[in-house]
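Nothing in this text is a laboratory measurement; each read-out follows from the coordinates by a stated rule. None of the values given here were measured: they were computed from a predicted structure. Note: ideal-geometry Cβ built from the backbone for every residue, glycine included; neighbour counts use all protein chains shown.
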Amino acid sequence: MSDAECYDRLGYPDRTFETEILPCDPSSSISFREGRTGSNGSSGGASASTASGREPLRHARPEIGSTTTQESLATAAQHLQRGQAVAFPTETVYGLAASALDQSAASKIYAAKKRPADNPLIVHVSDLDMLERLLPDDYRPGPVYAALMQQFWPGALTFLFPVSMQRPKVPSVITCGQPSVAVRMPSHPIARALIALSGLPLAAPSANASGRPSPTTAAHVMRDLGGELDAEALSKAGFTAQEGQPLGRLKYILDGGPSDVGLESTVVDGISTPGELRVLRPGGITVEQISDVLRQAGLLRIGEGGGEDPQAVRLRVYGKDLARSAEQESNPTTPGMKYRHYSPTARVVMLLPSRLLAAAFEGEGDKGETSNRSAAARQVVDSLEAPTSARQARTFPEIVEAQIAKTGLARSDRGGVDGTRQEPVRIGIMMSNDSDLARWVHRASSRASQPEAPSSDAQPAVHPHLLPPLTFSTLAGVEVQPFDLGPTERGEVYAQRMFDGLRTLDEGPLVRGPRCDLIFVEALHDDGVGLAVMNRLKKASSESVVVDC
């Protein structure tokens, strides 16, 4: 191998990149048809449209309508085949991908993200044939997995599959030495087409710097891995980058627009404990959806009884009706179990409305596995520093003042030579636009008496979900910037906007503008997608505060 070829295979930190965004045409469709593809790229055999209901396909062949998209995908696929990493869109969040068959390539993911080496990766496949090439020769998925794959693949559901420890088909850097590998088939057409065109199963965690909020746009990835974050770190340390020296941790980012789901995939384990299907990480597919599919298939065991099928399973949720395990979290089998995640630079405080607290206590006697009570709220109560004082009635300005004092953001912190503050303390608040909490905040505001939903042309050059700033007569020198999480009854909208809101407020509500010093986020009931939302929010939050509304 020549010196040029060796250099071409180097990744971060041995090499940095001038990161490029590869455009994809959002107006042009990508479809998939059944058809075996040979090693020379030609397709063979009869083809059948995915519209016939035959998903998941055995041999998925993409048909790409846009030349722009086709060229961008070809560039990214070739880069992957050379052992490099590429960021790409999925329906959940943006992922940082490299070949799951190449130890060196997959290691570049850890380096680029600065990800802990004991945090396993999820492998993404384009079809069932690619899945089977990853599994032990004598393994066949049982009826529970088959029913769920038929319903949710391609989609936001990840399965744990066994790995042959004697003859593993994926390198240990993917599994972190665990006897299982996590695999999913994404539904985003650009993601799936990239996998199919590269011919490689792709290991891909979220494409953010480790610990930060997951990215839901190409701009978020560019911010974390394209050099901006590292340039800032150098500046804070008193250094500047050399003239013309690129700082990107990867070469290419495929831009497929905003992610639809906005939360990582749900991860299920049906191989570790006989008779159980465990939800290890809630995500884009809800526990209720999984339960419904298993019930309809006669594969859901309830209580001490069982379904008619002897292979029926009890559905359990880690951290809810399945106790957390220090041993499992110290040796995680899937991402999101061990480390603090999803945290912006600003301090995040979760606001828990008292109605959720009341629902939590009312549900204490309900032990059903599919209970609609708020287990997440009960966990929040357990984590409160002073539960008795937390129940005292306080106004939003009083809570803000307490958090400003706790964070050390005294009014003179940014003052001039005479100690007077030159800029306000900026507070972000992410909340539903029609909730009791939103009305409670607006009642205390000196600007408006009712929440405002964003108009279609409101601040189009800034961000579509930012609302006009609020001021409070009792909070001198404080500006509050609301971020709209959508209607109360639309948990999927909240989920799609949550990471975007954390990043927008943390990185500057205005383009290149001032950042928020504190971010308050309204808690969500943990029904449906709310379980995944609360899982992420608890990991991002430094503290939880009960509010009287």
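Length gain on complete extension for the stretch ARG167 to PHE239, per 0.36 nm per residue less the alpha carbon to alpha carbon distance? Could you put the intermediate results ahead of the total?
Working: separation 72, 0.36 × 72 = 25.92 nm, distance 4.80 nm.
Stretched out fully, the ARG167 to PHE239 stretch lengthens by 21.1 nm.
What Kirkwood hydrodynamic radius do you get for segment 222-268 when you take the inverse of the mean 1/r over all pairs of distinct Cα atoms, in Å?
On the way: mean 1/r = 0.0759 Å⁻¹.
That comes to 13.2 Å for segment 222-268.
Suppose each label sits 7 Å from its Cα in the direction of the beta carbon; what would the GLU228-ASP548 distance come out to in nanometres?
4.1 nm
List every residue whose amide H lies under 5 Å from the amide H of GLU276, counting only residues 5 or more places away in sequence or on a different chain, with H placed 1.01 Å from N in the peptide plane.
Distant-sequence amide H within range of GLU276: ARG314.
Among GLN84, GLN70, SER180, whose Cα sits farthest toward the positive end of the charge dipole of segment 13-255 (+1 at Cβ of Lys/Arg, -1 at Cβ of Asp/Glu, about the Cα centre)?
Of GLN84, GLN70, SER180, it is SER180.
Counting other beta carbons within 10 Å of each Cβ, put ASP255, ASP118 in order, fewest first.
Numbers: ASP255 21, ASP118 13.
Fewest-to-most Cβ neighbours within 10 Å comes out as ASP118, ASP255.
Beyond 19 Å between alpha-carbons counts as too far, so tell me which of LYS251/LYS539; LYS114/LYS251; LYS320/LYS538 fall in that bin. Walk me through the intermediate numbers first.
On the way: LYS251/LYS539 30 Å; LYS114/LYS251 16 Å; LYS320/LYS538 14 Å.
Where the Cα-Cα span goes over 19 Å, the pairs concerned are LYS251/LYS539.
How charged is the neighbourhood of GLY270? Take every other residue with its Cβ under 9 Å from the Cβ of GLY270, and add Lys/Arg as +1 and Asp/Glu as -1.
Details: positive: ARG278; negative: ASP269, GLU276.
Local charge sum for GLY270: -1.
Which one, SER235, GLY298, ILE271, is farthest towards the positive end of the dipole of segment 202-310 when Lys and Arg carry +1 and Asp and Glu -1 on their Cβ?
Highest projection toward the positive end goes to SER235.
For the pair THR68/ARG140, report the inter-label distance in nm, with labels modelled 7 Å from Cα in the Cβ direction.
4.7 nm
Taking the Cα-to-Cβ direction at THR395 and at GLN311 and moving 7 Å from each Cα, how far apart do the two end points lie in nm?
Result for the modelled spin labels: 6.3 nm.
In a shell of Cβ-Cβ distance under 12 Å around ALA218, excluding ALA218 itself, what net charge do Lys and Arg (+1) and Asp and Glu (-1) give?
On the way: positive: ARG223; negative: GLU20, ASP224, ASP255.
Net charge in that neighbourhood comes out at -2.
Let me know the charge dipole size of segment 467-549 about its Cα centre in debye, to the nearest 20, where only the beta-carbon of Lys, Arg (+1) and Asp, Glu (-1) is charged. Please report the intermediate quantities before stating the final value.
Numbers: 8 positive and 13 negative charges, 62 e Å.
The calculated dipole for segment 467-549 is roughly 300 debye.
Tell me, what is the FRET efficiency for ASP8 and ARG295 to the nearest 0.05, using R0 = 56 angstrom and their Cβ-Cβ distance as r?
Working: r = 53 Å, r/R0 = 0.94.
Rounded to the nearest 0.05, the efficiency is 0.60.
Sticking to Cα atoms, compute the Rg of segment 13-255 to one decimal and its Dmax as the biggest Cα-Cα distance, whole number, in Å.
Rg, Dmax (Cα atoms, Å): 18.2, 63.
Can you check how the C-alpha radius of gyration of segment 464-525 compares to 2.2 N^0.38 Å, as a plain ratio? Don't skip to the end; give the middle numbers.
Details: Rg = 12.4 Å, N = 62, 2.2 N^0.38 = 10.6 Å.
Against the compact-globule rule of thumb, the ratio is 1.18.
List every residue whose amide H lies under 5 Å from the amide H of VAL480, counting only residues 5 or more places away in sequence or on a different chain, with H placed 1.01 Å from N in the peptide plane.
So VAL480 has HN proximity to ILE427, LEU470.
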